[in-house]
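Input: a single structure, listed below in structure tokens.
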Amino acid sequence: MTAKPCILVTRKLPDDVMARLSAGYNVIENENDETLSSDEIISRASSADAILCGPTDLFNKEVLDQLPDRLKMITTFSVGYDHIDVPAAFKNGIQLGNTPDVLTDATADITLLCLLGAARMAHSSAMALREGRWQKWATTQFLGIHVSGKRLGILGMGRIGQAVARRARGFDMEIHYHNRNPVTDARGLEDAIYHDSLESLLGQSDFFSINCGLSDQTFHLINNETIDLLPKGAVIVNTARGPIIDDIALINALKSGRIAAAGLDVFENEPTLNPGYLALENLFVLPHIGSATIETRNAMGFKCIDNLDAFFSNKPIPNPITL
Ligand code: DGY
């Protein structure tokens, strides 16, 4: 009988996922869900044949170069893979997998939650109620921004961007987007308006939603200059990756009212929220829970196992990360 391959799992997994994984593999677990440093990952990987990691585990060239020679597969429990140096992995002969599709709906839902939460002052009004500061119904209290009929600008019209657009249609929003290319086959979005530049999109966005990946090109793409191109009083939503926004620029724009409100599920330097955000009443912020439903997290875990099963059966990985 051949020994089961050994998988290093860097984060605690949902029970159903763990049950299926441990039926087919020897698993090095992280039962307490501690955040592992790069050194700890390298040391725990010394007897592993593959790694199942999370989106906050950094696999840069230095880490990848120190993994054991026999380890040729990493699957990430995420659709985003900005934490992995893909060319360096491929140079080391490591195949990579991720978990697309199954988190599209959950992430699009959270995007609408952030949009509505920001527009309707969900954080500050709920806090006033919880803290006993709400004394009466008043015509001028907790006044948010009307959503229906407004223009929603979407940066990145991939799977999640399209799902956001479809949901926003239900709120009678007019859809604008910028993408590398116009999207021609998006069901129900035939009249979405394509902008061939970010600058043009920003100028037409009462609400601006970031749904693109993080890369060298998108790092701090939303900064003082680009924020200035939005209509005064626009709302910014980010459920993609924190570092796409320059926090200081957004904090200043929220303070001055140049940006009326923001809804963020992700932010730079997670899990530490820039202290400048803390005092802002016009911020609705969540702790990176875009894909956090039981169904979605199970499906993501099963996709990781599908990737591992294919790899160890010498079959093509069903959800490969490619260059
Ligand atoms: C992803 O999949 O990239 C998310 O950020 C984690 O939910």
Charge context of residue 20, other residues only, Cβ under 11 angstrom, K/R +1, D/E -1 | -4
Residues of the stretch 140-183: accessible area per residue with a 1.4 Å probe, Å² | 49
In percent, how large is the relative contact order of the chain, given Cα pairs closer than 8 Å and 6 or more residues apart?
-> 18
Please report the relative contact order for the stretch 157-198, taking Cα pairs under 8 Å with a sequence separation of at least 6, and give it as a percent rounded to a whole number.
-> 41
Any chance you could get the radius of gyration and Dmax over the Cα atoms of the stretch 201-279, in Å?
-> 11.4, 32
Counting only residues 5 or more apart in sequence or on a different chain, those whose built amide H sits under 5 Å from that of residue 73 are 51, 95
Local electrostatic count, residue 146, Cβ distance below 10 Å [Lys/Arg +1, Asp/Glu -1] = +1
Could you pull out the trypsin sites (Lys or Arg not before Pro) across the stretch 1-90 that fall in loop regions by DSSP (anything but H, G, I, E, B) with no more than 11 other Cβ atoms inside 10 Å?
-> 70
Note the per residue figure in Å³ for the convex hull of the C-alpha positions in the chain.
-> 151
Given DSSP loops and a limit of at most 14 other Cβ atoms within 10 Å, what is the longest stretch of the chain that contains no such GluC sites (Glu not before Pro)?
-> 35-130
Evaluate the relative contact order of the stretch 1-78 (contact order divided by residue number), counting alpha-carbon pairs under 8 angstrom at least 6 apart; express in whole percent.
-> 34
The answer for the net charge of residues other than residue 64 whose Cβ lies under 10 angstrom from its Cβ, with Lys and Arg +1 and Asp and Glu -1, is -1
State the extension gain, in nm to one decimal, for the chain segment bounded by residue 2 and residue 228, taking 0.36 nm per residue of separation less the distance between their alpha-carbons.
-> 75.2 nm
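The values are calculated or read from the model by the stated rules, or taken from the named source; none is laboratory data. Bear in mind the structure is a predicted one, so any value in this text is a computation, not a measurement. Please note: Cβ atoms are built from the backbone with ideal geometry, for glycine as well, and neighbour counts cover all protein chains shown. Quick note on the areas: whole protein, heavy atoms, side chains included, nothing else; ligands and nucleic acids left out. Shrake-Rupley method; radii C 1.70, N 1.55, O 1.52, S 1.80 Å.
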